[in-house]
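Colleague: After the structure tokens below, expect a handful of questions from me.
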Amino acid sequence: LDAGLGISLFTRLCAAGMRPKLLTQQYRMHPALASFSSDRFYAGQVASAVRSEDRPQPRGVDWPRADVPLAFLAVQPPAE
């Protein structure tokens, strides 16, 4: 890419001497899902700041398994 746009901002900052800092708490995902990326990519260093109870299943969704916090749902495009 022209003008070095193929280099990410993160890579540019590191090359300029900025040292990366791992954020060790996550707030967005269900803890059961977050544990996968923490274990696989960050050697278990990222902890969840939320509890499973803080991430209930969404209302109005026919959840396939109540004991699993992840579901793949088929969706249809809106009618025109």
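The values are calculated or read from the model by the stated rules, or taken from the named source; none is laboratory data. These figures come from a predicted structure and were not determined experimentally. FYI the Cβ positions are ideal-geometry reconstructions off the backbone, even for glycines, and counts take in every protein chain you see. All accessible areas refer to the heavy atoms of the entire protein, side chains included, with ligands and DNA or RNA removed. Shrake-Rupley method; radii C 1.70, N 1.55, O 1.52, S 1.80 Å.
Colleague: Output yes when any residue across region 49-70 is outside any loop (DSSP other than H, G, I, E, B) and among the aromatic types (Phe, Trp, Tyr), and no when none is.
Modeller: Initial filter on region 49-70 (outside any loop (DSSP other than H, G, I, E, B)): 52-54.
Now drop any that are not among the aromatic types (Phe, Trp, Tyr), which leaves none.
Among the residues of region 49-70, not one is outside any loop (DSSP other than H, G, I, E, B) and among the aromatic types (Phe, Trp, Tyr), which makes the answer no.
Colleague: Among 52, 38, which is the only one that is small (Gly, Ala, Ser) and within 24 Å of residue 8 (Cα to Cα)? Break it down stepwise before answering.
Modeller: Values: 52 fails: within 24 Å of residue 8 (Cα to Cα).
Only one candidate passes the filter, namely 38.
Colleague: For residue 32, are the conditions met, namely being out of contact with any strand residue (DSSP E or B) (no Cβ under 8 Å at 6 or more places or on another chain), open to solvent by less than 60 Å² (accessible area, probe 1.4 Å) and part of a helix (DSSP H, G or I)?
Modeller: Details: out of contact with any strand residue (DSSP E or B) (no Cβ under 8 Å at 6 or more places or on another chain): yes; open to solvent by less than 60 Å² (accessible area, probe 1.4 Å): yes; part of a helix (DSSP H, G or I): yes.
Here the answer is yes, as residue 32 does meet what is asked.
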